[in-house]
Amino acid sequence: MQNETTYSFWQKRMLKPPAIVALLLILTVVFTSIFCYLLAPDDTPYANRMIVEYSVKQPGFSNPVLLLPKKITTPATSTFQQWWSGTPSDVTHLPCNTYWIEDSTVWVQHYIDEGMSDTLHFSIFELIPPTLLPLSLPQAKEYIQKNSFKKPTYYLGTDRYGRDILSRLLVGARVSIAVGIIAVVLSLTIGIVLGAIAGYYGGWVDDAVMWVINILWAIPTLLLVFAITLTLGKGFWNIFIAIGLTMWVSTARLIRGQVMALKEQEYITAAKALGLSDGRIIFKHILPNIAGPIMVLAAANFATAILVEAGLSFLGIGVQPPQPSWGLMIKEHYNFLITNRPMLAIIPGIAIMVLVFAFNILGNALRDALDVRA
């Protein structure tokens with residue numbers, strides 16, 4: 001009977017197509033952010049492989065490249081480092097149209113631009129990593145045929161520096177998810193504690209908390225983030241902390257109002273009569289009954305944090321290059337909106353819009369599911 005009631009509850013409140021689609025979309029972005037380097041075509045750190053000849057190419061562009069071993073090899077990295085931070089490349093990608101081998105020389109028609117090329121040549125043994133030498137000439141030719149040329153496809157095109165947009169979009173998802181998580185944890189922790197204390201005790205405690213809230217409320221959020229960012233400095237983590245420290249005000253204000261309404265209920269009076277501690281009453285009996293508004297706040301703060309981070313990166317004080325961020329990608333290419341390559345800025349803009357919309361839909365669904373009065 002209990003299982004049927006639970007199933008009916010979730011079927012009525014949560015198992016709605018918009019909520020399911022939003023949840024699946026958010027889970028997909030979270031999964032992508034965790035395994036971005038395993039999914040991205042460019043698995044170098046920050047997906048920062050630049051091929052200037054491929055600057056601003058249309059989606060679906062594909063062209064062969066010659067893999068030239070670097071003279072200085074990169075140190076070996078662990079499997080965890082490759083998964084979390086990417087794999088430094090031991091080769092340089094040289095765009096080419098065609099190639100042919102004559103004796104011990106590899107001739108390459110170097111791709112410069114559409115309709116432009118140049119002919120280069122390399123010793124066949126230059127294209128083989130030093131760790132594999134020595135090889136006989138037939139073995140070297142076989143290696144070149146199998147390993148020295150590949151034809152990557154840029155499914156979303158390339159940016160102004162010749163970097164793969166799809167790879168940077170996937171890696172940039174990690175920034176959006178990380179800033180959302182940190183901002184929500186900080187804002188909810190500070191807001192719930194201060195709001196609950198102010199609403200429960202009232203008096204001078206309430207006055208003191210509301211004085212701080214009203215002062216911070218009077219300062220524009222973006223300016224407050226600027227001030228904290230300039231104090232902490234630019235950086236991956238600093239910007240996240242700055243956003244989280246500015247978003248607790250609305251949370252505390254809402255929690256205070258909810259606690260003030262619930263502390264007058266009969267079951268709270270009974271809990272006080274039984275001698276329960278104030279902390280237990282607040283965290284065991286009051287806060288669970290306002291889980292719905294807290295969930296909506298968490299989803300809204302998550303979405304707001306993504307927008308604020310994108311705005312700060314667009315202004316140049318958020319995540320710093322070469323680390324990709326959706327807001328930074330828009331900043332680098334917003335001037336292409338009036339050219340024949342507007343997708344360079346539109347693609348990350350759509351990603352931000354869709355993710356924020358998904359969090360808002362999920363927040364509304366959670367509010368309905370957790371509303372004990374419905």
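Taken together, the values in this text are just the output of simple stated rules run on the coordinates, not laboratory data. Please read all numbers here as calculations on a predicted model, not as lab measurements. Backbone-built Cβ (ideal geometry, glycine too); neighbour counts: all protein chains shown.
How would you rank Ile243, Ile281, going from fewest to most other Cβ atoms within 10 Å of each one's own Cβ?
Working: Ile243 29, Ile281 19.
Ranking Ile243, Ile281 by Cβ neighbours within 10 Å, fewest first, gives Ile281, Ile243.
With a/c under 1.5 counting as rounded, go ahead and sort the stretch 64-151 into rounded, prolate or oblate using the C-alpha gyration tensor (a ≥ b ≥ c being the square roots of the eigenvalues; past the cut-off, prolate if a/b is larger than b/c, else oblate). Provide the component values of the computation, followed by the final result.
On the way: a/c = 2.57, a/b = 1.33, b/c = 1.93.
Judged from the Cα gyration tensor, the stretch 64-151 comes out oblate (a/c at least 1.5, b/c at or above a/b).
Looking at the chain, identify the longest residue range that excludes and avoids all trypsin sites (Lys or Arg not before Pro) in DSSP loops having at most 13 other Cβ atoms within 10 Å. Intermediate values should be presented prior to the final figure.
On the way: sites that count: Lys70, Lys71, Arg373.
Result for the longest clean stretch: 72-372.
Tell me which residues come under 5 Å, amide H to amide H, from Val91 once H is placed; ignore anything under 5 positions away on its chain.
Lys70
Taking the chain as a Gaussian network, where each spring joins two C-alpha atoms under 10 Å apart, which residue of Tyr143, Tyr161, Tyr37 fluctuates the most?
Highest fluctuation of the listed residues: Tyr143.
Please identify the helices of the chain, taking whole runs of DSSP H, that span at least 30 Å along their own axis as judged from the Cα atoms and have a mean Kyte-Doolittle score of 1.6 or higher.
Values: long enough: 165-201 (53 Å, 1.94); 291-315 (35 Å, 1.67); 343-370 (40 Å, 1.82).
For the chain, where a helix must reach 30 Å along its axis and average at least 1.6, the hits are 165-201, 291-315, 343-370.
What residues have an amide H closer than 5 Å to that of Leu156, excluding those fewer than 5 places away on the same chain, when H is modeled at 1.01 Å from N in the peptide plane?
Amide H to amide H, under 5 Å and 5 or more residues apart or across chains, Leu156 pairs with Gly60, Ile165, Leu166.
Here are some values of percent of Cα pairs over 36 Å apart: (1) 42; (2) 19; (3) 15. Which one was computed from this structure?
Comparing each candidate, only (1) matches the computed number.
Okay, helix-only estimate at 222 nm for the chain: each DSSP H run of n ≥ 4 adds -39500 (n - 2.57), divide by all residues, round to 500 deg cm²/dmol; what do you get? Could you put the intermediate results ahead of the total?
On the way: 14 runs with 212 residues, N = 374.
Result for the chain: -18500 deg cm²/dmol, rounded to the nearest 500.
Under 5 Å between amide hydrogens, which residues at least 5 positions from Leu66 or on another chain qualify, with H placed 1.01 Å from N in the peptide plane?
Leu94, Cys96
What dipole magnitude, in Debye to the nearest 20, does the chain give about its Cα centre under +1 on Lys/Arg Cβ and -1 on Asp/Glu Cβ? Display every interim value, and only then the final one.
Values: 26 positive and 23 negative charges, 153 e Å.
Dipole size: approximately 740 debye.
If the elastic network links every pair of Cα atoms under 10 Å, which of Phe80, Phe357, Phe236 fluctuates the most in the Gaussian network model of the chain?
Taking springs between Cα atoms under 10 Å, the residue moving most is Phe80.
If the elastic network links every pair of Cα atoms under 10 Å, which of Leu307, Leu68, Leu170 fluctuates the most in the Gaussian network model of the chain?
Maximum fluctuation in the GNM of the chain, among the listed residues, is at Leu68.
When you take every Cα atom in the stretch 150-302, what is the radius of gyration, and what is Dmax, the widest Cα pair distance, in Å?
Both quantities, over Cα of the stretch 150-302: 21.0, 76 Å.
Using Cα pairs closer than 8 Å and at least 6 residues apart in sequence, work out the relative contact order for the chain, in percent. Display every interim value, and only then the final one.
Details: 565 pairs, mean separation 75.2, N = 374.
Relative contact order here is 20 percent.
Cut-off under 29 Å on the C-alpha distance; same-chain residues fewer than 8 positions from Lys150 excluded. Which lysines are left, in chain and number order?
Within reach: Lys57, Lys70, Lys71, Lys141.
Rank these for me by crowding, Asp43, Asp278, Asp164, going from fewest to most other beta carbons within 10 Å. Walk me through the intermediate numbers first.
Numbers: Asp43 19, Asp278 13, Asp164 27.
Least to most surrounded, the residues fall as Asp278, Asp43, Asp164.
Placing unit charges on C-beta atoms (Lys and Arg positive, Asp and Glu negative, everything else neutral), compute the dipole magnitude of the stretch 229-303 about its Cα centre in debye, rounded to 20. Each step should come with its number before you reach the end.
On the way: 7 positive and 3 negative charges, 28 e Å.
That gives the stretch 229-303 a dipole magnitude of about 140 debye.
If you add up the charges near Glu114, with Lys and Arg at +1 and Asp and Glu at -1, over every other residue whose beta carbon is less than 15 angstrom from its beta carbon, what do you get?
Result for the neighbourhood of Glu114: -1.
Could you put Val259, Val193, Val29 in order, starting from the residue whose Cβ has the fewest other Cβ atoms within 10 Å? Write out the running numbers ahead of the final one.
Values: Val259 24, Val193 17, Val29 21.
Ordered by Cβ neighbours within 10 Å, fewest first: Val193, Val29, Val259.
With point charges of +1 on the Cβ of Lys and Arg and -1 on the Cβ of Asp and Glu, referenced to the Cα centre of the chain, which listed residue (Ala140, Gly162, Ile101) lies farthest in the positive direction of the dipole?
Gly162
Compute from the Cα atoms of the stretch 144-204 the Rg and the Dmax, the latter being the longest Cα-Cα distance, and quote both in angstrom.
Over the stretch 144-204's Cα set, Rg and Dmax evaluate to 23.8, 80 Å.
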